1. Over the residues of the range 24-74, compute the C-alpha Rg and express it relative to 2.2 N^0.38 Å.
2. Any number yet on Rg/Rh for the range 125-222, C-alpha, Kirkwood?
3. Please list the non-local residues whose amide H lies under 5 Å from the amide H of ASP167, H modeled 1.01 Å from N, same-chain partners needing a gap of 5 or more.
4. Using a Gaussian network model on the chain with a 10 Å cutoff between Cα atoms, which of ASN100, ASN23, ASN235 fluctuates the most?
5. Helix 148-163 versus the longest principal axis of the chain: what is the Cα-based angle in degrees, 0 to 90, to the nearest 10?
6. Which whole number in µm²/s is D for the range 175-218 by Stokes-Einstein, with the Kirkwood Rh taken over Cα pairs at 4 °C and 1.567 mPa s?
7. Given ILE77, GLY177, VAL51, which one lies farthest toward the positive end of the charge dipole of the chain, if we put +1 on the Cβ of every Lys and Arg and -1 on the Cβ of every Asp and Glu?
8. To the nearest 10 degrees, how steep is helix 237-249 against the longest Cα principal axis of the chain, on a 0 to 90 scale?
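Every number here is computed from the coordinates shown, using simple stated rules; none is lab data. It should be emphasised that the depicted structure is a prediction, and the values quoted were computed from it without experimental measurement. With ideal geometry, Cβ positions are generated from the backbone for all residues, glycine too; neighbour counts draw on all protein chains shown.
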Amino acid sequence: MTLHAPYPHGRPRRLRRDDFTRNLVREHTLTPHDLIYPVFVLDGRGRREAVASMPGVERLSLDLLLPVAEDCVALGIPVMALFPVIDASLKTEDGREAWNAEGLVPRVVRELKQRFPQLGVMTDVALDPFTSHGQDGLLDATGYILNDETVQVLTRQALVQAEAGVDIVAPSDMMDGRIGAIRAALESRGAIHTRIMAYSAKYASAFYGPFRDAVGSAANLGKGNKKVYQMDPGNTDEALREVALDIAEGADMVMVKPGMPYLDVVRRVKDEFRVPTFAYQVSGEYAMLKAAAGNGWLDHDAVMMESLLAFKRAGADGVLTYFALDAARALLGGRQ
Ligand code: PBG
């Protein structure tokens with residue numbers, strides 16, 4: 001009996017034998033250009049606050065955010081996504097601070113674009129950091145989130161951000177028709193270059209918990225949830241319908257959120273529409289990996305890179321991730 005006789009058809013392990021063949025045949029790769037870095041910004045100066053449930057993530061005032069922006073540029077991270085942490089005294093029932101042209105977000109956008117014109121800046125369009133109830137929209141007397149009235153104020157918010165010079169507005173509110181309304185308003189003001197990344201398939205997820213701590217909306221939201229506007233985790237056909245609407249209404253890029261538990265949705269969206277598709281590795285996913293790594297149960301860098309590569313394999317063009325700086329540094333192999 002000869003040794004190779006039982007294996008006439010092929011030995012896939014040949015290509016796994018050495019680094020050079022593994023590198024040669026790898027189908028998907030991650031680069032710093034695939035990463036969007038979400039950051040939490042505070043008003044004032046010299047302020048730095050840790051987020052307990054997100055080890056390694058800090059809320060920073062603008063002066064302390066500038067070196068972070070510089071790092072993004074140096075590392076080749078194309079975009080920073082801003083999330084404001086608003087003082088409780090500015091939070092109201094209608095979240096009007098969201099469309100204050102002199103508010104925190106427009107001020108930070110102006111400064112960042114002035115200092116780092118080559119760094120893309122993205123802003124969230126939603127009311128939750130600004131409302132006293134922590135919901136993303138306006139409420140009626142029963143507490144239901146009003147759609148069309150909310151779209152009107154979200155449009156004002158997006159216009160204020162665009163006028164401040166933001167590159168990408170990212171509506172994360174899940175109201176019906178908001179992409180079309182925002183696109184029409186941008187066009188009518190001549191803001192033809194403002195890109196829209198739509199949080200198209202955004203699920204009512206429990207993985208957003210640490211983010212709500214970070215922006216301080218968790219306590220306001222209390223036992224409330226967002227199921228009357230964010231998607232049911234049991235659905236994927238619905239995600240395709242949401243994406244179709246957002247593309248028809250003028251989105252340049254679409255997003256699936258959360259990320260890792262929804263890679264099937266990323267794949268379906270990419271296969272169906274072939275448009276720039278992003279995934280958000282959300283706060284709870286980050287917290288899980290950090291907690292396990294912090295306990296020595298998982299290898300931090302290895303799971304970070306594997307989880308990010310998985311998004312590329314699933315069809316994502318890029319990933320919003322709190323690991324962006326660490327991952328870019330790892331990818332550049334300590335050259336930065
Ligand atoms: C809210 C918004 C949320 C996130 C981004 N924008 C939270 C929510 O919908 O309650 C979550 C991001 C994360 O968990 O990292 N408009």
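1. On the way: Rg = 14.9 Å, N = 51, 2.2 N^0.38 = 9.8 Å.
Cα-based Rg divided by the globular estimate yields 1.52.
2. Working: Rg = 13.8 Å, Rh = 14.1 Å.
Here Rg/Rh amounts to 0.98.
3. Excluding prolines and chain starts, which carry no amide H, the hits are VAL121.
4. Highest fluctuation of the listed residues: ASN23.
5. With rounding to tens, the tilt is 80 degrees.
6. Working: Rh = 12.8 Å.
Reported coefficient: 101 µm²/s.
7. Checking the options against the dipole of the chain, the answer is ILE77.
8. That works out to roughly 60 degrees.
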